[in-house]
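Enquirer: Sharing a structure below in structure tokens format, with a few things to ask.
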Amino acid sequence: MSKLDWQLATVTAIRSETARVKTFTLSLPHWTPHLPGQHYTLRLTAPDGYQAERSYSVASPPEQTGEIELTVEAVEEGEVSGYLFEGVGVGDQLEVRGPIGGYFVWRSATGARPLLLVAGGSGVVPLMAVLRHRQRAGLHNPTVLLFSIRTPEDVIYQQELETLTATDPTFTLLLDYTRQAPTGWTGYHRRIDKALLAEVVGRFEASPVCYVCGPTGLVESAATALQDLGLPAEDIKTERFGPTGG
Amino acid sequence: MPSSFFNQGFQRKRPSTHKLPPGQYETHDFPVLSAGPTPRIALDKWTLTLEGLVEEPKKWSWQEFNALPQQDFNPDIHCVTQWSKFDTKWRGVSLDTLLEQVRLKPDARYVMASSYGGYTTNLPLADVREGKAFIGLIYDGQPLTPEHGGPARLVVPHLYFWKSAKWITSLRFMADDEPGFWERAGYSMYGDPWKAQRYADDDE
Ligand SMILES: Cc1cc2nc3c(=O)[nH]c(=O)nc-3n(C[C@H](O)[C@H](O)[C@H](O)COP(=O)(O)OP(=O)(O)OC[C@H]3O[C@@H](n4cnc5c(N)ncnc54)[C@H](O)[C@@H]3O)c2cc1C
């Protein structure tokens, strides 16, 4: 069977990450190892034959064999995310194919280079696969996750990211609250801009490889700013989750 | 895959008044998809070149290119990431107009489009002739913005939109097909949305 044939996965667990984000664990009859950053296509079929397909990044590391985890944000009026949130339970089946994508991927063989991961909202999902794989592979290349979210309630994978911060001195988590920050917050509290990225890039001793993922508007402005800061275009990988951010 | 499989309780949320290719949904905004940061291209440095299997290569500056006859075209566009956008409004130069200015060698059968930033994508020559392909310069009455491929992009609406190379700078004519950027990464060599040719495995 080719990795791009459709297969029927079974939902074996559903975990709430935030009020608007859930992680679905899918057990796959034909599991193929993925590279962190790759995604699966999920296809829903209505009883009348109508089909909808959407892409979802793999959140789990390739070390987690036989299954994948997809982390999905409920988009307002969303056709597919809405169904996943309201209509899908443990034991249900979902059609998927993948892993897909050869560009926005992190190959740990080149793991010696420092990593700057920039995420907006659910854009953290493929970057989490990078972090989880990096940890499982025992790599210690300097890594910063700059994670932009609206409010403290929107931090996906919060517990795990804090544990990683506490246990891995080569990993730095920089949260950036764009709307409402926790009381007493002294960190970033504005949209990601060039000055902010200059500070973050300034933390690295050697020029990092950057992975930028999230809504289109954030990816556009962050990738442009990184380029303006002098990072070579080939070191700035982007994944735009849509829609047009203004 | 059992064709009888369906998702209990799932139904279409927003009916489209248009005929959609398989797996597509209609969008009214204009999503941005590109592999890296958006290149910013100075118009005084911009060039478009026709090369490869032509008797004599041809190169236009921005000013020369804009002096070529332009036309309006209003295609439906289909992105491999599942969105389709209907009745988009463009103005630009037909590839037929460009091809009138060179003599192709008889063995030219394929085209490789190359972009500022290093992106490439391959197309059969027949798919860029006879009104099927344009260099888009104006979108919705405004100069094409950088994130959508401005100042100039290829527009080949009958194929998935990754074939419509943004920030185009050259067309190279070839005797044999070669994969471009996404095609090397496993995407279809042709990309017909109506046949859902997304990946190499989808090609017949
Ligand atoms: C390569 C890739 C990987 C992706 N990975 C993930 C992932 O890991 N997790 C995840 O949650 N999503 C991911 N997405 C986005 C996902 O594919 C869908 O676009 C999203 O779930 C919305 O689909 P829907 O059917 O629920 O909404 P739709 O019915 O398509 O849209 C409903 C409304 O929401 C708007 N909308 C569409 N997409 C988004 C969005 N992403 N954010 C905000 N508004 C939107 C639309 O413009 C529309 O107005 C990824 C997208 C790509 C291209």
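Enquirer: Say the dipole of chain A comes from +1 at the beta carbon of Lys and Arg and -1 at that of Asp and Glu; which of A:V155, A:A9, A:G89 then lies farthest toward its positive end?
Expert: The one lying farthest along the dipole's positive direction is A:V155.
Enquirer: Also: Under the definition of Cα pairs under 8 Å and six or more residues apart, what whole-number percent is the relative contact order of chain A?
Expert: Over chain A, the number comes to 18 percent.
Enquirer: Under 11 Å from the Cβ of B:L144, count the other residues' Cβ atoms, weight Lys and Arg +1, Asp and Glu -1, and hand me the total.
Expert: +1
Enquirer: Summing -39500 (n - 2.57) over the DSSP H runs of n ≥ 4 in chain A and dividing by its residue number, what mean residue ellipticity at 222 nm do you reach, to the nearest 500 deg cm²/dmol?
Expert: -6500 deg cm²/dmol
Enquirer: OK, next. Averaged across B:24-36, how many Cβ atoms of other chains sit within 10 Å of each residue's Cβ atom?
Expert: Partner-chain Cβ atoms within 10 Å, mean over residues of B:24-36: 5.
Enquirer: Still on this structure, I have one more. Arrange the peptides B:35-42, B:96-103 so that the one whose residues have, on average, the most other Cβ atoms within 10 Å appears first.
Expert: Descending mean neighbour count gives B:35-42, B:96-103.
Enquirer: Heavy atoms only, probe 1.4 Å: what % of the accessible area of region A:108-241 goes to carbon and sulfur, would you let me know?
Expert: Looking at region A:108-241 in its full context, I get 51 percent from C and S.
Enquirer: Which of the peptides B:27-34, A:42-49 is most tightly packed, and how do the rest follow, going by the mean number of other Cβ atoms within 10 Å of each residue?
Expert: B:27-34, A:42-49
Enquirer: Related question: For the pair A and B, how large is the buried accessible area, both sides, in square angstrom to the nearest 100, if the probe is 1.4 Å?
Expert: 3400 Å²
Enquirer: Enter the Cα centre distance for the pair region A:13-90 and region B:40-102, rounded to the nearest angstrom.
Expert: Measuring centre to centre over Cα atoms gives 39 Å.
Enquirer: Hey, what D do you get for region A:108-241 in µm²/s if you plug the Kirkwood alpha-carbon radius into Stokes-Einstein at 25 °C and 0.890 mPa s?
Expert: 165 µm²/s
Enquirer: What is the spin-label model distance, in nm, from B:K45 to A:S27 if the labels are put 7 Å beyond Cα along the C-beta direction?
Expert: Inter-label distance under the simple model: 5.6 nm.
Enquirer: Sticking with this one: A drop of at least 50 square angstrom in accessible area, chain alone versus all protein chains together, probe 1.4 Å. Which residues of region B:160-203 meet that?
Expert: When all protein chains are present, B:Y199, B:D201 each give up 50 Å² or more of accessible surface.
Enquirer: For chain A, give the magnitude of the charge dipole about the Cα centre (Cβ charges: +1 Lys/Arg, -1 Asp/Glu; no others), in debye to the nearest 20.
Expert: The calculation lands at about 480 debye.
Enquirer: Ok, one more. Would you work out the charge dipole size for region A:199-246 about its Cα centre, treating the Cβ of every Lys and Arg as +1 and the Cβ of every Asp and Glu as -1, and quote it to the nearest 20 debye?
Expert: Once rounded to the nearest 20, the dipole reads 140 debye.
Enquirer: Could you work out how much longer the chain between A:E86 and A:E234 gets when fully extended? Use 0.36 nm per residue separation minus the Cα distance between them, nm to one decimal.
Expert: Length gained, A:E86 through A:E234: 49.2 nm.
Enquirer: Next up: Suppose every K and R has +1 on its Cβ and every D and E has -1 on its Cβ; what is the size of the dipole of the protein assembly as shown about the Cα centre, in Debye to the nearest 20?
Expert: I would put it at about 440 debye.
Enquirer: Keeping every protein chain present and rolling a 1.4 Å probe, give me the accessible area per residue for region B:42-203 in Å².
Expert: 42 Å²
Enquirer: Follow-up question, since we're still on this one. Compute log10 of I(q)/I(0) for chain A with the Debye formula, placing one identical point scatterer on every Cα and leaving out solvent, at q = 0.07, 0.12, 0.16, 0.17 Å⁻¹, to two decimals.
Expert: -0.23, -0.68, -1.20, -1.35
Enquirer: Next question. If only Cα atoms are counted, what is the Rg of region A:1-134, and what is its Dmax, in Å?
Expert: For region A:1-134, the Cα-based Rg and Dmax read 14.7, 51 Å.
Enquirer: Evaluate peptide A:6-13: per residue, the Cβ atoms of other protein chains within 10 Å of its Cβ; return the mean as an integer.
Expert: Counting other chains' Cβ atoms within 10 Å and averaging over A:6-13 gives 1.
Enquirer: Can I ask one more? Going from the alpha-carbon gyration tensor of chain B, what semi-axes, largest first and in whole Å, does one get by taking the root of 5 times each eigenvalue?
Expert: Equivalent ellipsoid semi-axes, largest first: 30, 20, 15 Å.
Enquirer: While we're looking at this one, here's another question. How about region B:1-85: which GluC sites (Glu not before Pro) there lie in a loop by DSSP and see at most 13 other Cβ atoms within 10 Å?
Expert: Counting only loop positions with at most 13 other Cβ atoms within 10 Å, the GluC sites (Glu not before Pro) in region B:1-85 are B:E55.
Enquirer: I would also like to ask the following. Average partner chain C-beta neighbours within 10 Å, per residue of B:82-90?
Expert: 1
Enquirer: Taking the solvent-accessible surface of protein heavy atoms with a 1.4 Å probe, what is the per residue accessible area of region A:36-101 in Å²?
Expert: 32 Å²
Enquirer: Sticking with this structure for a sec: How about region B:42-127: which chymotrypsin sites (Phe, Trp or Tyr not before Pro) there lie in a loop by DSSP and see at most 12 other Cβ atoms within 10 Å?
Expert: Counting only loop positions with at most 12 other Cβ atoms within 10 Å, none of the chymotrypsin sites (Phe, Trp or Tyr not before Pro) in region B:42-127 qualifies.
Enquirer: Another question, if that's okay. For a 24 Å ceiling on Cα separation, which of these pairs sit above it: B:K105/B:K195; B:K163/B:K195; B:K85/B:K132?
Expert: B:K105/B:K195
Enquirer: Something else: Which angle from 0 to 90°, rounded to the nearest 10, does the C-alpha axis of helix A:216-228 make with the longest principal axis of chain A?
Expert: Between helix and principal axis, roughly 30 degrees.
Enquirer: Another question, then. Leaving out ligands, DNA and RNA, and with a 1.4 Å probe, what % of the accessible surface on region B:42-203 is carbon or sulfur?
Expert: With neighbouring chains kept in place, the figure for region B:42-203 is 48 percent.
Enquirer: May I pose another question? Based on the Cα atoms of the protein assembly as shown, what semi-axes does the equivalent ellipsoid have, where each is the square root of 5 times one gyration tensor eigenvalue, given in whole Å with the largest first?
Expert: That gives 37, 28, 20 Å for the three semi-axes.
Enquirer: Roughly how many whole Å is it from the C-alpha centroid of region B:132-169 to that of region A:114-136?
Expert: One Cα centre to the other: 32 Å.
Enquirer: Give me the net charge of B:F10's neighbourhood, meaning all other residues with Cβ under 12 Å from the Cβ of B:F10; Lys, Arg count +1, Asp, Glu -1.
Expert: -2
The values are calculated or read from the model by the stated rules, or taken from the named source; none is laboratory data. In this text the structure is predicted, and so the values were computed from the model without any measurement. All Cβ positions, even for glycine, are placed from backbone atoms using ideal geometry, and neighbour counts span all protein chains on display. The protein model used for the area step is the full one, side chains on, heavy atoms only, and it has no ligands, DNA or RNA in it. Shrake-Rupley method; radii C 1.70, N 1.55, O 1.52, S 1.80 Å.
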